[in-house]
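The values are calculated or read from the model by the stated rules, or taken from the named source; none is laboratory data. What you see is a predicted model; the values in this text were computed from it and never measured. As a convention, Cβ positions derive from the backbone with ideal geometry for all residues, glycine included, and neighbour counts pool all protein chains shown. Just so you know, the surface numbers come from the protein's heavy atoms only, side chains and all, with ligands and any DNA or RNA stripped out. Shrake-Rupley method; radii C 1.70, N 1.55, O 1.52, S 1.80 Å.
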Amino acid sequence: MDTEHGRDGDIVKGPVRAGASGFEPLEVNSPMAKWKKPQPIDFIERATRNYSFPNWQSGNEEAIYYNLNIPEFFKCSYIAPPKEFSKLERAIDPSLLDLTFTASDGTTTPPLKEYLVGKRQVQAMMMAHKGKVVFETYPGMYPSDTHVWMSASKTTVSLTATMLWEDGKLDFDTPITTYIPWLTGTTWDSITVKNVMNMSAGLDIEETFESLTNPETFIAGFMTKMFEEGRGSWREWVKSAKPLPNEKPGDMFRYSSSLTMLLVVMVENITQMPWQEFWKQRVWSKIGAKDPFMVGLAPDGTPGAAGMNITTPEDMLRYAMIYTPTWNKVAREKIVSDKQMKCIQTLGNPKAYKGSGEEAYGERWFGETPYTNTAQWDHSFEDGAMFKHGNMGQGIYVDPERDFCGQYFGLATNDEAISGTDHSPGYLRAAAKLLAGG
């Protein structure tokens, strides 16, 4: 086989650069391009001294450095890529740079090429349609650079849990304490795995911009224990979660990374292996990844797969492709079975989604209101498309009916008064509709 010009869907040995089919990534003139260059040593030393969870989440220049260099600030588990990787054919469509869509206020968004260089500080964006990469740009990083997924990571935890469900080792209707005995005797006794998967625990643990910036909240305490040394045990902290008055488990979608971390522990307890090892065996080793997968570890060594997965943009796109009909462009076997896909798409409760804070986000991001959240995905549409957002502007969008998927990385503050609305999700969905003819 010709390793430089492998056929569509080939598994290729040896290095093949991004755009190897003759297409270079699309260029945009972004101020974020400065992060492709080495940073001054005095800046790096200052950023290192100033590390804290709040500073990391601020969206300032030090936060940008943290997110581009996560292994310098957290212990990480490293998973080497397989010996062979899948070559993604390019069919780059430059016209997508002119893409617009109707925002929630009825106005038309700027063209994608303008948005990419704006206040959202987009670092990378890739799209694939019918198994080919149709859009690829790197405003603030190189194709071979790694980047943290933030909460887009949560989809990987959901997938591993769903695999255990299909294996007959997990019952979604069973209390979460069945699989995490050290939670027994707490309020978690009345909360099912399904409640945790759908983030509808009925507890005062919600993660919002306001609660994250208030040090008195449960979620602020949880985050400092997860991401700062010497601040106590996040597991003990989770036991202290209190029920919300007049709300039962399953009633309302209330986003919280603490729920995902419990799913990580649950997967480890069922499989009796580290989460990342199960992930490697069932997913990462099979998608033809070209570069390593890393996951940041909490101070106690728990893999932070609720938000600390780290890969190149292209390998994140490979992962997204396993949810599409052209999964065979990256894998030799179907990783997400039809049964798993249906479960992930339908596990959610539209009534619990209605009126949630995430529903409001979805409307702003897409210019249309999604149908529900489901199985750790923030938003699912009636046409089967799903989206998961990540803190500071990361995202993964999969649209099986249109045989489309996309991903993006960004580094903007969560304060929309400063950074504006994250319209990247809307651009991905608009591209899917355009390329599929509706």
Every listed condition ((1) acidic (D, E); (2) modelled with pLDDT of 95 or more; (3) within 23 Å of the chain's Cα centre (by Cα)) holds for E228 save (2)
Okay, helices (runs of 4 or more DSSP H) sitting entirely in the stretch 171-277 with 3 or more residues that are touching a residue at least 24 places away in the same chain (Cβ under 8 Å), farther than 24 Å from G355 by Cβ and open to solvent by 10 Å² or more (accessible area, probe 1.4 Å), I get 218-227, 257-271
Taking E114, is it of a type in the set (D, E), assigned to a helix (DSSP H, G or I) and crowded, with 18+ Cβ neighbours inside 10 Å?
no
Got at least one residue in the stretch 395-407 being free of Cβ contacts under 8 Å to residues at least 40 places away in the same chain, more than 21 Å from M321 (Cα to Cα) and out of contact with any strand residue (DSSP E or B) (no Cβ under 6 Å at 6 or more places or on another chain)?
no
Taking the stretch 59-105, which residues are in contact with a Phe, Trp or Tyr (Cβ under 9 Å, 6 or more places away or on another chain) and of a type in the set (D, E, K, R)?
E61, E62, E72, R90, D93
Taking the stated definitions as given, is L68 more than 22 Å from the chain's Cα centre (by Cα) and buried (at least 18 other Cβ atoms within 10 Å of the Cβ)?
no
Taking the residues in the stretch 132-150 that are open to solvent by 10 Å² or more (accessible area, probe 1.4 Å) and among the hydroxyl-bearing types (S, T, Y) as candidates, determine which candidate is nearest to the chain's Cα centre (by Cα).
T146
Just to confirm my filter: which helices (runs of 4 or more DSSP H) fall fully inside the stretch 309-358 and include at least 3 residues that are open to solvent by 10 Å² or more (accessible area, probe 1.4 Å)?
338-346
Quick one: would you say Y319 is at pLDDT 95 or above and touching a Phe, Trp or Tyr at 6+ places or on another chain (Cβ under 6 Å)?
no
In the stretch 123-150, what count of residues is obtained for those that are more than 22 Å from G296 (Cβ to Cβ) and in contact with a Pro (Cβ under 6 Å, 6 or more places away or on another chain)?
4
Please count how many residues of the stretch 398-438 are within 15 Å of the chain's Cα centre (by Cα), closer than 18 Å to Y115 by Cα and not polar (S, T, N, Q).
8
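A quick yes/no check of all residues on (1) open to solvent by 20 Å² or more (accessible area, probe 1.4 Å); (2) assigned to a helix (DSSP H, G or I):
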site: T48; (1), (2): yes, yes
site: A63; (1), (2): no, yes
site: S77; (1), (2): yes, no
site: S104; (1), (2): yes, no
site: G118; (1), (2): yes, no
site: Q123; (1), (2): no, no
Cβ-Cβ distance below 7 Å, separation of 6 or more or different chains: which pairs start in the stretch 281-307 with a residue that is at pLDDT 95 or above and surrounded by 20 or more Cβ atoms within 10 Å (Cβ to Cβ) and end on one that is among the aromatic types (F, W, Y) and in a loop (DSSP other than H, G, I, E, B)?
G296/F74
Within the stretch 231-278, can you find the residues that are β-branched (V, I, T), over 18 Å from the mean Cα position of the chain (by Cα) and closer than 28 Å to P350 by Cα?
V238, V265, V267
